[in-house]
Amino acid sequence: MTGPTTATALLIAANIASNAPDRRADAHLYDIQLDVLRRGFAPHGLTIDPVRWMEAVDWTRFGAVLVNCAWDYQDRHEDFLATLDVIAATGVPVFNSPAAVRWNIRKTYLREIEARGVPIIPTLWRDHPKASDIRDAMATFGADDVVLKRQVGGGARGQTRYTKASMPDDDPVLDRPGMIQPFVPSIATEGEYSFLFIDSVFSHALIKRAAQGDYRIQEAYGGTSQPITPTPNDLHQASAVLDALDESPLYARVDMVRGANGALLLMELEVIEPYLFPQDGPGIGSMLGEALAKRIC
């Protein structure tokens, strides 16, 4: 691509910035992602400027804004959404769009995707989860092992696993809207699959596995990942998640686990700030740069 470069703002969490005094333990993943994106964007006439999303910025100096590395939005999600609206009001395109982020920020979106034919993990939704809801979930699902999650959250923060032998005694069991799901055994035995897409075009896939004795697959809990070549059927099931959407997100990560019948179940569709695992698919930076350039040029 020839001609002047277009500056792209990359929204980031304050505590992953290179000069952050309280830099979080997984900030090295951001360093990897930023490097891959910068190298991938350059041939398409795009530069990347990391910007803390909560800062007051003249957004009109950018040709586009990427939401992708705002890894701390969960506890201030209303402020985060307001920031995206402010940016969009200037006329600067935001990816993924504020509408897509607002839809995806609360995991109740899974109900809509399920209604469109995508299998998900059975879920009991509760705005004020109580100990009785844990018991109700076990009875509803015929399960002795369930997981309580936040409706707005990520990285397994605030997540609790309950069994018949470890039932909660006090209420409430969560201080915000929650969701209760049966524990899926394959998460501990097989792992969780992630499929990365740019403009609905497949980039790469990996499997994430928990540390021995745990079920959480995040690196913060000792989880590991490795690239895989998915089977045609597994890839078809992942692609079907994006096919169920009204519009194609610029970037998406589809996280799935295998159910008892051998089919994949959607765990999460990440279109806000998914880590792209660029070390497993370094070509994703160029794919994203090319797709972004097509949308804004």
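For the peptides 19-29, 142-152, residues were scored by their other Cβ atoms within 10 Å and the scores averaged per peptide; the highest-first order is 142-152, 19-29.
Close amide-amide hydrogen proximity is noted between L10 and D49, V51, L66, each under 5 Å apart and 5 or more residues distant or on a separate chain (H modeled in the peptide plane; Pro and chain starts excluded). Beta bridges from DSSP with both residues in the chain: antiparallel share about 70 percent, rounded to the nearest 5. Relative contact order, whole percent, for segment 124-182 stands at 54, derived from Cα pairs under 8 Å and 6 or more residues apart. Once the Cβ-Cβ distance of N15 and L81 is raised to the sixth power relative to R0 = 30 Å, the FRET efficiency obtained is 0.90. Net charge of the neighbourhood of G222, taken over other residues with C-beta under 11 Å away and scored Lys/Arg +1, Asp/Glu -1, is 0. In a DSSP loop and with at most 12 other Cβ atoms within 10 Å, the GluC sites (Glu not before Pro) in segment 243-291 are E247. Restricting to DSSP loop positions (anything but H, G, I, E, B) with no more than 14 other Cβ atoms inside 10 Å of their own Cβ, which GluC sites (Glu not before Pro) remain in segment 121-227? Taking segment 121-227 and a limit of 14 other Cβ atoms within 10 Å, the loop GluC sites (Glu not before Pro) found are E190.
Axis of helix 131-141 versus longest Cα principal axis of the chain: the two differ by about 90°, to the nearest ten degrees. Amide H contacts of K130 (H built 1.01 Å from N, in plane; Pro and chain starts excluded): V173 sit under 5 Å, all sequence-distant by 5 or more or on other chains. The slack in the chain from T47 to V201, taken as 0.36 nm per residue of separation less the alpha-carbon distance, amounts to 53.2 nm.
Convex hull volume per residue, computed on the Cα atoms of segment 124-182, equals 67 Å³. Projecting the Cα atoms of A7, P50, A70 onto the charge dipole of the chain (Cβ charges, centred on the Cα centre) puts A7 farthest toward the positive pole. Once phi is turned into θ = phi - 60°, what whole-Hz ³J(HN,Hα) does the Karplus curve with 6.51, -1.76 and 1.60 give for every residue of segment 228-237, x standing for Gly and Pro? So the J values, rounded to whole Hz, are 9, 9, x, 5, x, 5, 5, 5, 4, 5. A simple count of charges around I272, restricted to other residues whose Cβ falls under 15 Å of its Cβ and scoring Lys, Arg +1 and Asp, Glu -1, yields -2. The sum of -39500 (n - 2.57) across all DSSP H runs of n ≥ 4, divided by the residue count of the chain, sets its helix-only mean residue ellipticity at 222 nm to -8000 deg cm²/dmol. Computed 3J(HN,Hα) for segment 12-26, one whole-Hz value per residue from the Karplus formula 6.51 cos²θ - 1.76 cosθ + 1.60 where θ = phi - 60°, is 10, 6, 4, 8, 10, 4, 4, 9, 5, x, 10, 4, 6, 5, 9, glycine and proline marked x. Each of S166 and A260 was given a label point 7 Å from its Cα along the Cα-to-Cβ line. The distance between the two points is 2.2 nm.
Placing +1 on each Lys and Arg Cβ and -1 on each Asp and Glu Cβ, with no other charges, gives the chain a dipole about its Cα centre of roughly 180 debye.
The label-point distance for Q159 and R111, in a model that sets each label 7 Å from Cα toward Cβ, rounds to 2.2 nm.
Rg of the Cα atoms in the chain, relative to 2.2 N^0.38 Å, amounts to 1.01. For K107, a cut-off of 29 angstrom between C-alpha atoms picks up these lysines, skipping any fewer than 8 places away in its own chain: K130, K149, K164, K208. Charge tally for D234 (other residues, Cβ to Cβ under 14 Å; Lys, Arg +1; Asp, Glu -1): -2. Look at the alpha carbon pairs under 8 Å that are at least 6 residues apart: their mean separation over the length of the chain gives a relative contact order of 21 percent. Assuming charge only on the beta carbon of Lys and Arg (+1) and of Asp and Glu (-1), the dipole of segment 124-182 about its Cα centre is about 240 debye to the nearest 20.
No lab work stands behind these numbers, since they all come straight from the coordinates. A quick note: this is a predicted structure, and the numbers were derived from the prediction, not measured. Note: ideal-geometry Cβ built from the backbone for every residue, glycine included; neighbour counts use all protein chains shown.
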